[in-house]
Ligand SMILES: [Zn+2]
């Protein structure tokens, strides 16, 4: 075909028809054609997706890796401004398990508007999401065939690494805006089968977030999937079946609420750590949402809990060393595997601490310590240290002539691989998430009370790692109150 003939054809067919497309471009072209054509895909302005589904409890289930705790998503609506890079998801979900906030349905509104990620609480209060979450939501914009193929069709997008695996052709796409993703298409139907992006998770490090597309149907001249399944690595986090899809209808206003857009941005403030003596050789290290406890033995120190993230845990460790400068901090006791209570375990390992946890978490922490953190290198990945993890099966007594603390495995509706710490001489119980003094609902306190009775523990004060210290009598009273029925 001569150049002249080719250029005369441009008006009638796409330029790519005149030259042989590269393998990577061919995958994108095939995907666009299967969805309804490149022109149609590129012309989409808005999508409104409504349906129902299931969410899972990544990092917060009964034991590490479990997926038995689910929420029924009774109403799901996701509105996308395809060209404007804006989206909002509104959903109602109902826990199918003993959830710490009780059985009542939860309403969630989460959005992204360019640089601004935001959440709207049930009472209408809008807050700005931290930047890592906003970045995840910008990536999530690409987790739909229309947005992904549209981004891949951009002449400025860089396509690379075409390959075929497991019945799918895949291509890596780098957008001019700095995002990257992998588009997979079914080799027979050519429809997009999956979009994956990489993300950073404080506990898991580098992860892949993938959304698979099934049950395609015709909507407004496009082929669109009615089933969207999202997973973090191999762990399914959400399954949505759409019952209504609209293309280019009048979408609701997707601008970020003013309160969120005007909220100050920037790095989070340095963690504040306060120290309150509880007894001789025992301090409560509070000052944030998640507390720790420092315990002094004759020749070393033990920390209870490395919560949240590296910044919080390194600040807690620094405070511990400041309080008792003459003794080495050698151990950290982890209460349970939930991500918010184990987010600092890697930082503790980087500081040379041995991790003591329920036996049910040992393999999980050993794996967590080895995972790659290349997207955001943390203290452990920089230190190259290996983890020492000690499991507690039933009970472990840490004791010397000056101090005794008994670590006791408890099993209940919150986590089945959980430890509480009892100081027999000081009559203190350290626990978390099972009883939060003054909380609106106490879903697990009754179960904790039953377990403590079995062990016949002498307790004067309950020291929770969330909230304020409570006398034992207050705990018994709150633990005996009726639990809201589902
Ligand atoms: Zn928990």
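The values are calculated or read from the model by the stated rules, or taken from the named source; none is laboratory data. Since the structure is predicted, the reported quantities are computational estimates derived from the model, not experimental observations. Cβ: placed from backbone, ideal geometry, glycine included. Neighbour counts: every protein chain shown.
Identify, please: which residue in the stretch 192-208 is out of contact with any helix residue (DSSP H, G or I) (no Cβ under 6 Å at 6 or more places or on another chain) and outside any strand (DSSP E or B) and is, among those, surrounded by the most Cβ atoms within 10 Å (Cβ to Cβ)? Give the steps one after another, and end with the answer.
Residues of the stretch 192-208 out of contact with any helix residue (DSSP H, G or I) (no Cβ under 6 Å at 6 or more places or on another chain): 193-194, 196, 198, 200-202, 204-208.
From what's left, outside any strand (DSSP E or B): 202, 204.
Details: 202: 21, 204: 19.
By that ranking, first place goes to 202.
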Selection status of residue 339, within 16 Å of the ligand (Cβ to nearest atom) and surrounded by fewer than 20 Cβ atoms within 10 Å (Cβ to Cβ): yes
Find all pairs meeting these conditions: Cβ atoms under 6 angstrom apart; at least six residues apart or on different chains; first residue within the stretch 328-344 and under 21 Å from residue 398 (Cα atoms) and in contact (Cβ under 8 Å) with a residue 24 or more places away in the chain; second residue in a helix (DSSP H, G or I) and within 8 Å of the ligand (Cβ to nearest atom). 335/341
Can you tell which of 13, 5 is assigned to a loop (DSSP other than H, G, I, E, B), farther than 25 Å from residue 231 by Cβ, at pLDDT below 95 and out of contact with any strand residue (DSSP E or B) (no Cβ under 9 Å at 6 or more places or on another chain)? 13
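The rows are residues; the columns are (1) at pLDDT 95 or above; (2) over 30 Å from residue 309 (Cβ atoms); (3) surrounded by 13 or more Cβ atoms within 10 Å (Cβ to Cβ); (4) under 22 Å from the mean Cα position of the chain (by Cα).
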{"residue": "210", "(1), (2), (3), (4)": "yes, no, yes, yes"}
{"residue": "216", "(1), (2), (3), (4)": "yes, yes, yes, no"}
{"residue": "219", "(1), (2), (3), (4)": "yes, yes, yes, no"}
{"residue": "231", "(1), (2), (3), (4)": "yes, no, yes, yes"}
{"residue": "237", "(1), (2), (3), (4)": "yes, no, yes, yes"}
{"residue": "263", "(1), (2), (3), (4)": "no, no, yes, no"}
{"residue": "269", "(1), (2), (3), (4)": "no, no, no, yes"}
Scan 136, 172, 186 and give me the residue that is more than 26 Å from the chain's Cα centre (by Cα), crowded, with 16+ Cβ neighbours inside 10 Å and at pLDDT 95 or above. 186
How do the pairs read when you match residues in the stretch 132-148 that are outside any helix (DSSP H, G or I) with residues anywhere that are at pLDDT below 95, using Cβ under 7 Å and keeping only pairs 6 or more apart or on different chains? 141/85
Note on the stretch 58-70: residues within 16 Å of the ligand (Cβ to nearest atom) and either within 16 Å of residue 91 (Cα to Cα) or out of contact with any strand residue (DSSP E or B) (no Cβ under 8 Å at 6 or more places or on another chain) (or both) are 59, 60, 61, 62, 63, 64, 66, 68
A careful count of residues in the stretch 343-367 that are in contact with a helix residue (DSSP H, G or I) (Cβ under 7 Å, 6 or more places away or on another chain) and within 16 Å of the ligand (Cβ to nearest atom) gives 4
The correct count of residues that are within 16 Å of the ligand (Cβ to nearest atom) and not in a strand (DSSP E or B) in the stretch 71-101 is 5
Among the residues of the stretch 425-435, how many are within 15 Å of the ligand (Cβ to nearest atom) and touching a residue at least 40 places away in the same chain (Cβ under 8 Å)? 5
Given the conditions (1) in contact (Cβ under 8 Å) with a residue 40 or more places away in the chain; (2) over 19 Å from residue 210 (Cα atoms); (3) out of contact with any helix residue (DSSP H, G or I) (no Cβ under 9 Å at 6 or more places or on another chain), report the number of the one that residue 121 does not fulfil. (1)
For the stretch 312-336, enumerate the residues that are more than 16 Å from the ligand (Cβ to nearest atom) and surrounded by 24 or more Cβ atoms within 10 Å (Cβ to Cβ). 313, 316, 317, 320, 332
Out of 415, 411, sole residue that is under 25 Å from the mean Cα position of the chain (by Cα) and either farther than 29 Å from residue 279 by Cα or crowded, with 16+ Cβ neighbours inside 10 Å (or both): 415
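Evaluate the following for residue 375: is it under 30 Å from the mean Cα position of the chain (by Cα), away from the ligand (no atom under 16 Å from the Cβ), surrounded by 19 or more Cβ atoms within 10 Å (Cβ to Cβ) and closer than 25 Å to residue 343 by Cβ? Walk me through it before giving the result.
Details: under 30 Å from the mean Cα position of the chain (by Cα): yes; away from the ligand (no atom under 16 Å from the Cβ): yes; surrounded by 19 or more Cβ atoms within 10 Å (Cβ to Cβ): no; closer than 25 Å to residue 343 by Cβ: yes.
Against the criterion (under 30 Å from the mean Cα position of the chain (by Cα), away from the ligand (no atom under 16 Å from the Cβ), surrounded by 19 or more Cβ atoms within 10 Å (Cβ to Cβ) and closer than 25 Å to residue 343 by Cβ), residue 375 does not qualify.
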